[in-house]
Amino acid sequence: MSRQNASEGFRQKVKQFFGVRKGHAIPSSVYEGPKADDQVFHQELLQDIGKNSPLSNRMKYLRDLCDFLINKRVEDHAIEAAWDAVKDLLNPSNPMEARHLTLQFLTVMISGQFGRIGILRAHFFSVVVNHKIPEDITPRLELLQALSDNGKDISYFEERTGPFLLSWMPEVMQNGRMNVFMPLLINVIHYNSSFLDEDIVSGIVRETCHLSRTTKEEGEVELCLCLLDAVVRYSCLPSNTLFEFIATACRAVNIEKFCQRSWKIMRNLLGTHLGHSGVYTMCNVLEDSDNRSDAMLLRGSVFFIGMCLWGSQRVPNLKYSSSTVLPSMLQALSCHLSLVALEVTLSLQRLVKKYGQELHVVAWDAVLDIIEAVQQEIKEISPSENTLIENLHILLFSIEDLYESGKFNGPEERFFGLVEKSPGSLPDRSLQILISYKAQSVHPAHVGWLVNLHNLMEKYFRYPDYCLQFLSLMQMRQLY
């Protein structure tokens, strides 16, 4: 009994501590949601902004409301009443300033009441669509941004968004407002791709590729790449736009600022079901004679093919062998552009260095065909192109390393014939390997060995380098 009294006394003390008197219930705190601010759109204000009020007064009140309504929550049905009062200001007969101010007022009001406007979103989307005055494109864009949370939420106008944005792109592009339009469109693709039909995505990709090809603004090129990236990652690239997509990435990868981004986008594409079609498309680009003057397109195609098949970040699901794409690279050299020849040489460097010991005879024949074509390119078109000559020598060095380690599976005689004809001054190491190989044919067991001996001594014993003269004599001493 005493224990029960002690317990009751403890409870009473707790209640007294929290200010609860005996016989009083503890009040419950229930959250009732955000409450509307004091009434904003009373009847007098609606009359002041209505059509019966002078235009100057209406504009003054609308400016004040634009400042006042930011982050304000208005009473129920106020949006409908305010719209009814100001909608006549959007008529083409009104001054541009009045139209812009009205659209700004709608933008501010919708931003503040975004979660409450419900089905009115469809109505205001129609306002954006049907208000086709060219001078009002910027405030229309801002209204659409507010209405869709910059493309993230298109509830109540899901099916209409894609067709409208596609039809609007050329006009926005012409007015130079893609910096506002493109982020919105990217978000639509990111968050609402399920509502975009294939023909709409095709049109958007084509317009984007056209902009990337024609613009001189790096910022717009970057936005185009972001959109193409969003299509690959969050939607499905239509196969009928594959060439435009690849051509855009191939040209962009030549710009240092966009090189990494372009490769990332292309790698994502080549990792999809369109991967093999993408490589095939790039091979066709290299072989098409109509592309001979487009150095950026050809160079980008060579770079992507090499990177995705034997580069440091190769795409594992691509099953092309090097021997299937090397003939296309050889065809690309017929453009006689040193920039393309350099990219082909760099690509072969990566191939030989990483997979040289795995190449079979057919692949080596293709590699040597390309080396011969590059040598001809240097001789006829670019005799003073030092960068190309240096990289060709690096490629030859890599093959020489394979030869010395016994891992070169190609035709040795043809390879050393190309080394001997290589433009520019060969390093001593290459000349030593070449002389050692040539000396193997200077033996009585070989047909024409005396001629070979004469040619070897004539060419290298008379060489101005004393070391090479000594090497030539040492080779002869070993044989005899």
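The values are calculated or read from the model by the stated rules, or taken from the named source; none is laboratory data. Owing to the predicted nature of the structure, the values given are computational and were not obtained by experimental measurement. Neighbour counts are summed over all protein chains in view; Cβ atoms, including those assigned to glycine, are modelled from backbone coordinates with ideal geometry.
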| message | Consider the range 264-274. How many of its residues are surrounded by fewer than 20 Cβ atoms within 10 Å (Cβ to Cβ) and either touching a residue at least 40 places away in the same chain (Cβ under 8 Å) or in contact with an Asp or Glu (Cβ under 9 Å, 6 or more places away or on another chain) (or both)? | response | 5
| query | Failed condition for Ile154, given (1) out of contact with any Ser or Thr (no Cβ under 7 Å at 6 or more places or on another chain); (2) surrounded by 15 or more Cβ atoms within 10 Å (Cβ to Cβ); (3) aliphatic (A, V, I, L, M), with all others met? | reply | (1)
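Just checking, which of Leu431, Leu368, Leu388 is within 37 Å of the chain's Cα centre (by Cα), surrounded by 19 or more Cβ atoms within 10 Å (Cβ to Cβ), in a helix (DSSP H, G or I) and not polar (S, T, N, Q)? Spell out the reasoning first.
Values: Leu431 fails: within 37 Å of the chain's Cα centre (by Cα); Leu368 fails: surrounded by 19 or more Cβ atoms within 10 Å (Cβ to Cβ).
Step by step, each of Leu431, Leu368, Leu388 is checked, and only Leu388 is within 37 Å of the chain's Cα centre (by Cα), surrounded by 19 or more Cβ atoms within 10 Å (Cβ to Cβ), in a helix (DSSP H, G or I) and not polar (S, T, N, Q).
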| message | Residues that are buried (at least 20 other Cβ atoms within 10 Å of the Cβ), polar (S, T, N, Q), over 26 Å from Asn130 (Cα atoms) and without any contact (Cβ under 8 Å) to a residue 60 or more places away in the chain: does the range 187-210 have at least one? | response | no
| Pairs, first outside the structural domain of Thr138 (by the TED database) in the range 165-183, second among the charged types (D, E, K, R) and assigned to a helix (DSSP H, G or I), C-beta under 8 Å, six or more apart | Leu166/Glu207; Met169/Glu207; Pro170/Glu207; Met173/Glu207; Met178/Glu220; Asn179/Glu220; Val180/Glu142; Met182/Glu220
| request: Go through Glu207, Glu222 for me and flag whichever is touching a Pro at 6+ places or on another chain (Cβ under 9 Å), part of a helix (DSSP H, G or I) and modelled with pLDDT of 95 or more. | output: Glu207
| task | Go through the range 188-211 and give me each residue that's within 20 Å of the chain's Cα centre (by Cα) and hydroxyl-bearing (Ser, Thr, Tyr). | result | Tyr191, Ser193, Ser202, Thr208
| query | Just a yes or no: is a residue in the range 338-347 touching a Gly at 6+ places or on another chain (Cβ under 9 Å) and either of a type in the set (A, V, I, L, M) or closer than 18 Å to Glu413 by Cα (or both)? | reply | yes
| request: Need at least 3 residues that are over 21 Å from Ala373 (Cβ atoms) and at pLDDT 95 or above per element, so show me which helices (runs of 4 or more DSSP H) inside the range 258-358 make the cut, counting only ones lying wholly within it. | output: 259-270, 275-287
| field | Which numbered condition Arg116 misses (of (1) surrounded by fewer than 17 Cβ atoms within 10 Å (Cβ to Cβ); (2) in contact with a Ser or Thr (Cβ under 7 Å, 6 or more places away or on another chain)) | value | (2)
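Mind checking which residues of the range 141-155 are assigned to a loop (DSSP other than H, G, I, E, B) and of a type in the set (D, E, K, R)? Spell out how you get there, then give the answer.
We begin by selecting, within the range 141-155, every residue assigned to a loop (DSSP other than H, G, I, E, B); these are 149-155.
Result: Asp149, Lys152, Asp153.
I'd like to check something: does the range 352-365 contain any residue that is surrounded by 19 or more Cβ atoms within 10 Å (Cβ to Cβ), within 29 Å of Leu431 (Cα to Cα) and among the polar types (S, T, N, Q)?
No - not one qualifying residue is present in the range 352-365.
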| task | Determine whether Ala78 is surrounded by 15 or more Cβ atoms within 10 Å (Cβ to Cβ), touching a Phe, Trp or Tyr at 6+ places or on another chain (Cβ under 9 Å) and within 20 Å of Ser56 (Cβ to Cβ). | result | no
